[in-house]
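Visitor: Below you'll find the structure I mean.
Laboratory data are not the source of any read-out in this text; all were calculated from the coordinates shown. Predicted, not measured: the structure shown is a model, and the values here were computed from it. Cβ sites come from the backbone with ideal geometry, for glycine too, and all protein chains shown count toward neighbours.
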Amino acid sequence: MTRHESELDRAERSQVKWRKYAVTVGRIGLGVALLVAWKVGADAAGPLYAADPINVFQRIVSDSMSGSLLRHITVTLRLSVEGFAIGCTFGVALPFLLRRMPRLARAVEPYIMASVGVPKYALVPLFILWFGIDDAPKLWLVGLLVFYPVFIAVFAGIRNVDRNLINMARVAGASEAMISREVIWNALLPFFFTALKIALPRAVSAAIIGEFLVGNEGLGYMIEYSRQNFDTTGVFTGILVATALVLVINAALVRLDRHFNAWRPIDRDMAL
Amino acid sequence: MAAEALLEVRSLSKRFGNRAGREPSPWVIQELSFVVNEGEFLTIVGPSGSGKTTLLNILAQIDTASGGEICLQSHAAPIGNFKSLKPGLACKIGYVTQEDNLLPWRTTLQNVLFPLTVQRRLNEDTRARAQMLIRAVGLAGFENHYPHELSGGMRKRASLIRTLVYDPPIILMDEPFGALDAQTRAQLQEDLLRLWNLGRKTIVFVTHDIVEAIALGDRTLVLSRSPARVAGEHRNSIPRPRDIRGIMIHPEFAPLYQRIRVQVQ
Amino acid sequence: MATWQRTEDPILARLARRAASLRTRGDQVLVLVVLLALWQGLSLVFGTYWVGSPWGVLMRLGKGVMSGEILRHASYTLLEAAAGFLIGALPAAALPFALRRLPIVTAILDPFMVGGYGAPKLALAPLFILWFGIGIESKIALVAITVFFIVYFSALAGVRALDPRLVQMAQVMGADERDVARHIVFPGAVPHIFTGFRIAMPYSIGGAVIAELISANRGLGYLVQLSAMNFDTTGVFVALVATTCIVFLGNWSVNVIERRLLRWRPRPDLDMQAGS
């Protein structure tokens with residue numbers, strides 16, 4: 001009887017190892033296959049429709065050397081961060097303000113929720129009309145796109161804070177400001193961070209898309225400009241760099257999140 | 001009245017797999033042997049954590065054993081290797097678990113019909129049987145309700161008749177009435193006995209409640225604490241039909257209860 | 001809550017709640033009136049050239065609907081969104097089911113899927129326009145790829161949310177693999193898939209509109225861009241209103257379908273309204 005279950009254990013353990021090995025090999029294999037497919041596809045489709053990966057690589061190198069790539073990235077990032085800051089500030093401040101005026105909050109809520117349905121990107125031409133062709137319309141876009149998830153997360157978080165905790169704090173003599181700070185803020189931190197994880201990459205995407213429509217600098221501009229000049233290699237390069245940028249930011253956020261919140265029990269409802 | 005052994009358990013042992021490099025885990029069940037006769041209502045009592053649910057899982061073929069043998073209707077059942085398990089042993093073993101495990105997206109009637117659907121036995125006769133069982137446990141009128149619209153007791157009843165509807169030769173029950181209030185529990189115990197009387201199926205009923213074990217069973221096994229073994233076997237001669245609510249007043253109850261309680265310690 | 005609302009009497013309590021919700025409704029109407037008045041005021045100060053006016057937008061909207069122009073562009077955008085949604089969502093929902101018994105393949109794909117999900121798909125708009133031209137195909141492609149990754153992860157979560165006890169129960173009753181997939185895995189995953197649909201829906205319309213903003217000759221995004229280029233603010237607002245209407249239409253459709261398909265779900269507590 002001891003015989004068959006240690007056989008089972010051993011079999012299980014070696015199976016797990018084989019699995020991990022197979023998965024890693026599979027991933028590398030798939031990655032290589034995709035690169036090969038890209039090369040083959042590029043050769044077949046011709047230089048107008050597809051850029052050869054080697055050319056793209058060379059372009060990345062040459063653009064990096066000349067500093068133009070870095071310049072575009074910096075511009076996009078600056079836009080993203082500025083817009084992010086604006087959106088975050090309002091997204092956090094407004095719910096706390098509304099907390100003090102519950103009647104106003106109830107009256108305004110349906111309109112805020114309805115405004116979520118307006119596709120913000122569609123507003124860009126209007127912003128260009130109103131605010132000109134500099135950074136302003138793009139900042140508005142990024143700000144709005146960051147504002148909504150942060151606002152909703154903070155608003156919902158405040159609402160769901162345990163009434164008992166608040167009442168207890170009141171009884172103990174805490175001022176409203178202190179209650180806001182200690183009780184509510186701490187309770188909604190996890191929701192806030194989840195919203196941030198969504199909002200920051202969104203900010204970068206929004207900056208890039210804004211640059212499609214207006215401006216003469218930045219990654220988005222680089223992509224669209226290349227397209228208009230039928231410079232397919234430029235288009236591919238821009239998209240690759242933009243994608244890499246967003247993915248790196250995503251990964252960094254996940255790492256940070258894990259580091260700071262390692263002690264928290266994972267709430268399954270908060271993950272996608 | 002020579003009763004036939006429907007299910008034989010011999011020297012059953014179980015311990016859970018140990019992680020690499022750690023001590024082998026303790027035996028949960030060790031050298032457990034007993035027999036279940038055809039048409040018998042067998043109750044099994046034991047303290048919590050004594051491996052009762054594990055035992056039933058092994059009998060129902062959803063968990064492996066580390067040793068021993070199980071024979072159903074004189075055929076040996078595969079128990080050593082996960083891959084060779086046949087849950088339910090081709091629908092010969094029914095299993096009413098502690099949680100009702102009703103499919104939330106099916107109505108009461110659809111849930112009761114579920115095993116028939118899956119066994120491709122859905123026809124007019126089996127439908128009629130399902131309806132009869134629904135009426136028998138007082139769920140008439142709730143056929144088109146979803147589980148979330150039913151009370152805990154009603155869901156229990158539905159899960160009970162869901163197993164009864166396809167009439168397996170032997171039915172395992174794992175503290176099915178444990179989570180209910182006393183009133184509902186008594187009602188369901190009566191319903192169960194009444195339904196059992198109609199067909200005199202073989203039932204293995206696990207509970208931690210000695211009163212319930214005596215009220216329902218023909219014979220009661222007592223399991224010892226971990227590692228579980230048969231600590232004792234008690235024949236219950238209180239005549240049927242039994243008065244569930246008044247079982248404790250029956251003269252034979254007290255001594256039987258004492259004998260069992262002493263062993264459960 | 002005001003003192004008079006904290007009453008024990010159930011009838012009085014109900015009346016109090018009714019009165020409170022009426023008051024909120026009244027407040028909301030008031031806010032709407034104030035907003036419209038503000039808008040009208042702004043149009044007087046800055047001129048309808050810059051801001052458009054509520055009345056002007058309404059009139060133009062009416063005219064546009066009557067002439068069928070708005071509906072034409074709207075249907076174009078809607079078509080792009082719907083077609084892209086189907087092309088993206090259906091394979092995305094089916095894939096986790098197909099791969100259910102091949103966890104290794106799912107694991108291999110995972111980093112690629114996560115990468116695809118995180119990557120800015122909308123940045124591909126110029127590429128698709130390069131490939132497919134300014135017609136409908138580029139918009140459909142963009143919507144499809146955006147929706148695909150969203151729905152994939154929701155469907156994956158749905159397939160993974162499988163309750164093993166339900167599967168065990170079904171197996172004890174004689175279910176084979178196909179029965180389990182059909183009666184347990186799939187119905188259990190549907191709510192998650194619908195969540196994915198609901199999240200992806202605004203992205204489908206948004207994606208179509210963005211692609212139209214960049215380059216198109218039909219559609220509501222095109223209308224927005226055209227009006228803006230002609231400094232026709234009223235026209236921009238009209239197109240925006242129409243776009244928002246479509247989003248609401250989409251939301252409503254998803255809700256209706258979900259309610260029908262998911263009647264069996266326990267409804268979460270709907271009266272979690274904040275009190276005072």
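Visitor: Measuring from the lowest to the highest alpha carbon on each principal axis, how far does region C:23-86 reach, largest first, in angstroms?
Guide: 41, 34, 20
Visitor: So for region A:30-154, taking the charge dipole from beta-carbon charges (+1 Lys/Arg, -1 Asp/Glu), which of A:Thr76, A:Val36, A:Val146 sits furthest toward the positive end?
Guide: Checking the options against the dipole of region A:30-154, the answer is A:Val146.
Visitor: Give me the compactness ratio for the protein assembly as shown, meaning the Cα radius of gyration over 2.2 N^0.38 Å. Walk me through the numbers before you get to the answer.
Guide: Details: Rg = 33.5 Å, N = 813, 2.2 N^0.38 = 28.1 Å.
Its radius of gyration relative to the 2.2 N^0.38 Å reference: 1.19.
Visitor: Round to the nearest 0.05 the FRET efficiency obtained for B:Ala140 and C:Arg198 when R0 = 25 Å and r is the Cβ-Cβ distance. Write down the numbers at each step before the final one.
Guide: Numbers: r = 38 Å, r/R0 = 1.52.
Taking R0 as 25 Å, the efficiency between B:Ala140 and C:Arg198 is 0.10.
Visitor: Provide the FRET efficiency to the nearest 0.05 for the C:Leu162-B:Arg225 pair, computing r from the beta carbons and using R0 = 35 Å.
Guide: On the way: r = 34 Å, r/R0 = 0.98.
So, using R0 = 35 Å, E works out to roughly 0.55.
Visitor: For the pair C:Cys245/A:Ser180, report the inter-label distance in nm, with labels modelled 7 Å from Cα in the Cβ direction.
Guide: Rounded to a tenth, the inter-label distance reads 4.0 nm.
Visitor: Let me know the shape class of chain C, please: from the alpha-carbon gyration tensor, a ≥ b ≥ c as square roots of the eigenvalues, rounded when a/c is under 1.5, otherwise prolate if a/b is greater than b/c, or oblate.
Guide: Numbers: a/c = 2.85, a/b = 1.19, b/c = 2.40.
Oblate, because a/c is 1.5 or more while a/b does not exceed b/c.
Visitor: Right, another one. Counting Lys and Arg as +1 and Asp and Glu as -1, what is the net charge of the other residues whose Cβ lies under 10 Å from the Cβ of A:Phe236? Intermediate results must be reported in sequence, preceding the final value.
Guide: Numbers: positive: A:Arg59; negative: A:Asp52, A:Asp231.
It works out to a net charge of -1.
Visitor: Something else: Give the lysines reachable from A:Lys17 as a straight Cα distance under 30 Å; neighbours fewer than 8 places away on the same chain don't count.
Guide: Leaving aside lysines fewer than 8 places away in the same chain, those within reach of A:Lys17 are B:Lys14, B:Lys83, B:Lys86.
Visitor: Where does the charge balance sit around C:Ile150 when Lys and Arg score +1, Asp and Glu -1, over other residues with C-beta under 14 Å from its C-beta?
Guide: Details: positive: A:Arg202, C:Lys121, C:Arg198; negative: none.
Taking every other residue near C:Ile150 into account, the sum is +3.
Visitor: Along region C:157-174, what does the Karplus equation 6.51 cos²θ - 1.76 cosθ + 1.60 (θ = phi - 60°) give for ³J(HN,Hα), rounded to whole Hz, x for Gly and Pro?
Guide: Here the 3J(HN,Hα) series is 4, x, 5, 6, 6, 3, 7, x, 5, 5, 5, 4, 4, 5, 5, 4, 8, x Hz.
Visitor: Here is a follow-up. About the Cα centre of the protein assembly as shown, what is the dipole size in debye to 20, counting +1 per Lys and Arg Cβ and -1 per Asp and Glu Cβ, all else neutral? Don't jump to the answer; show the numbers that get you there.
Guide: On the way: 84 positive and 63 negative charges, 168 e Å.
In total the dipole reaches around 800 debye.
Visitor: Follow-up question, since we're still on this one. I need the peptides B:206-218, C:95-107 ranked by packing, meaning the mean over residues of other C-beta atoms within 10 angstrom, with the highest value on top.
Guide: Details: B:206-218: 21.2, C:95-107: 15.8.
Listed from highest to lowest mean packing, they are B:206-218, C:95-107.
Visitor: Roughly how many debye, to the nearest 20, is the charge dipole of chain B about its Cα centre, given +1 on each Lys and Arg Cβ, -1 on each Asp and Glu Cβ, and no other charges? Intermediate results must be reported in sequence, preceding the final value.
Guide: Values: 32 positive and 26 negative charges, 74 e Å.
Once rounded to the nearest 20, the dipole reads 360 debye.
Visitor: Another question, then. Counting only other chains, what is the mean number of Cβ atoms within 10 angstrom of the Cβ of each residue in peptide C:159-171? Walk me through the intermediate numbers first.
Guide: Details: counts 0, 0, 1, 0, 4, 1, 5, 5, 3, 10, 17, 7, 8.
Counting Cβ atoms of other protein chains within 10 Å of each residue's Cβ and averaging gives 5.
Visitor: Can you tell which of A:Gly220, A:Val108, C:Gly88 lies farthest toward the positive end of the dipole of the protein assembly as shown, using +1 and -1 charges on the Cβ of basic and acidic side chains (Lys, Arg; Asp, Glu)?
Guide: It is A:Val108, whose Cα lies furthest towards the positive end.
Visitor: Here is a follow-up. Label points 7 Å out from Cα along the Cβ direction at A:Asp134 and A:His259: separation in nm?
Guide: With each label placed 7 Å out from Cα toward Cβ, I get 3.6 nm.
Visitor: Within 10 Å, count the other beta carbons around each residue, average over each peptide in B:65-77, C:27-39, and list them highest first. Could the numbers behind the result be given before it?
Guide: Details: B:65-77: 17.5, C:27-39: 13.1.
Per-residue mean Cβ counts within 10 Å order the peptides as B:65-77, C:27-39.
Visitor: For chain B, what is the mean residue ellipticity at 222 nm derived from helices alone (per DSSP H run of n ≥ 4: -39500 (n - 2.57); sum divided by total residues; nearest 500 deg cm²/dmol)?
Guide: On the way: 7 runs with 82 residues, N = 265.
Theoretical 222 nm ellipticity from helices: -9500 deg cm²/dmol.
Visitor: At 7 Å along Cα-to-Cβ for each site, give me the label-to-label distance between A:Ile54 and C:Arg14 in nm.
Guide: 8.1
Visitor: Let me ask another. Have a look at region C:115-187 and give its Rg and Dmax from the Cα atoms, expressed in angstrom.
Guide: Just the Cα atoms of region C:115-187 yield Rg and Dmax of 19.2, 57 Å.
Visitor: Per-residue Cβ counts within 10 Å, from other chains only, averaged over B:102-108: what number is that? Kindly include the intermediate steps, with their values, before the conclusion.
Guide: Details: counts 2, 9, 9, 12, 3, 2, 0.
Per residue, the number of nearby Cβ atoms from other chains is 5 on average.
Visitor: Further question: Averaged across A:26-33, how many Cβ atoms of other chains sit within 10 Å of each residue's Cβ atom?
Guide: On the way: counts 5, 6, 1, 1, 5, 3, 0, 0.
Mean partner-chain Cβ count within 10 Å for A:26-33: 3.
Visitor: Which of these, A:Lys197, A:Lys17, A:Lys120, has the largest mean-square fluctuation under a Gaussian network model of chain A (Cα springs below 10 Å)?
Guide: A:Lys17
Visitor: Moving to a separate point now. Antiparallel DSSP bridges in the protein assembly as shown: what percent, to the nearest 5? Provide the component values of the computation, followed by the final result.
Guide: Numbers: 18 of 37 bridges.
About 50 percent, rounded to the nearest 5.
Visitor: Could you state the number of Å between the C-alpha centres of region B:188-264 and region A:168-201?
Guide: About 56 Å separates the Cα centre of region A:168-201 from the one of region B:188-264.
Visitor: For chain A, what D do you get in µm² per second when you plug the Kirkwood radius from alpha-carbon pairs into Stokes-Einstein at 4 °C and 1.567 mPa s?
Guide: Values: Rh = 22.5 Å.
For the chosen part, D equals 58 µm²/s.
Visitor: Using the Cβ atoms and a cut-off under 13 Å, what net charge is assigned to the surroundings of C:Leu30, where Lys and Arg are +1 and Asp and Glu are -1? Walk me through the intermediate numbers first.
Guide: Values: positive: A:Arg103, A:Arg106, C:Arg23, C:Arg25; negative: C:Asp27.
Result for the neighbourhood of C:Leu30: +3.
Visitor: GNM, chain A, Cα, under 10 Å: largest mean-square fluctuation among A:Ser64, A:Ser115, A:Ser14?
Guide: Highest fluctuation of the listed residues: A:Ser14.
Visitor: Oh, and also: Where the centroid of each part is defined by its Cα atoms, how far is region B:28-59 from region C:8-71 in Å?
Guide: One Cα centre to the other: 70 Å.
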